[in-house]
Amino acid sequence: MAAAWIIEWKPYRHALPTLDLRPHILPRHWRAERVMDYMRCLFWNSALWTPSEALSSVNKRKPEGIFIMNEGPRLFYGEATHLVAWLVKDLHIERGASGEIVMEWTAPPGRRFNTKTSTFEPLSDPLRHRFVWNREDSYPKVSGE
């Protein structure tokens, strides 16, 4: 088991341009701001945007129509189709019997501030994720939302 930042696409529609759905793995010691910069560059350099749209938006900290959220161990960047990042502590990667690569981790829940107790509390239970990738597959199998 290892700790890392995991970034995944959350597509809004299946009719969108093809996105690489493999989770991105970033170093656990990166600060949330650095991970958010990575997500910003990944988002604007995706197939969702033309090169001219990417150039006009990638340097903006808060482009119009884009939501950016930092909930500590969970980050969001995008719009209807967006990226989400989790700081996970239990990333496990292994090769399956058929040669596929299996990644498993537990995504921490978002948090909200409780004004009555002046503490942060989780919005839900942690969610187990499993990603299976095979080089021959056009579309990897992803479970967990």
Response to the item:
Under 23 Å between C-alpha atoms, the lysine pairs in the chain lying 8 or more places apart or on different chains count 5
Worksheet entry | Accessible area (Å², 1.4 Å probe, nearest 10) - Phe76 | 30
Worksheet entry | Positive-end extreme of charge dipole, the chain - chosen from Ala3, Gly99, Asn45 (charges on Cβ) | Ala3
Worksheet, complete the sentence: Expressed in square angstrom to the nearest 10, the accessible area of Thr106 with a 1.4 Å probe stands at 40
Worksheet item: Which whole-number percent gives the relative contact order of the chain, counting Cα pairs below 8 Å spaced six or more residues apart?
Response: 22
Worksheet entry | Estimated inter-spin distance, Thr50 and Ala80, nm [label 7 Å along Cα→Cβ] | 2.0
Discussion item. Computing the accessible area with a 1.4 Å probe over protein heavy atoms, can you report the carbon and sulfur percentage for the chain?
Written reply: 53
Response to the item:
Ignoring ligands and nucleic acids, Lys10 exposes an accessible area, probe 1.4 Å, in Å² to the nearest 10, of 30
Worksheet entry | Which labelled figure in (i) 24, 23, 13; (ii) 25, 15, 11; (iii) 23, 20, 13 is semi-axes √(5λ) of the Cα gyration tensor in Å, once derived from the coordinates | (i)
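With charges only on Cβ, +1 for K and R and -1 for D and E, what is the dipole size of the chain about its Cα centre, in debye, rounded to 20? Write down the numbers at each step before the final one.
On the way: 20 positive and 17 negative charges, 85 e Å.
Rounded to the nearest 20 debye, it is 400 debye.
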Discussion item. If I model a spin label as a point 7 Å beyond the Cα along the Cα-Cβ vector, how far apart are those points for Ile93 and His29 in nm?
Written reply: 1.8
Practice prompt. Using a 1.4 angstrom probe, figure out how much accessible area the chain has per residue, in square angstrom, rounded to the nearest whole.
Written response: 63
Worksheet item: According to a simple spin-label model (label point 7 Å from Cα along Cα-to-Cβ), what is the distance in nm between Cys41 and Val102?
Response: 3.4
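The values are calculated or read from the model by the stated rules, or taken from the named source; none is laboratory data. If you're wondering where the values come from, they're calculated on a predicted model, not measured in any experiment. Here Cβ is always computed from backbone atoms with ideal geometry, including for glycine, and neighbour counts include all displayed protein chains. Note: accessible area is taken over every heavy atom of the protein model, side chains too, but ligands, DNA and RNA are not part of it. Shrake-Rupley method; radii C 1.70, N 1.55, O 1.52, S 1.80 Å.
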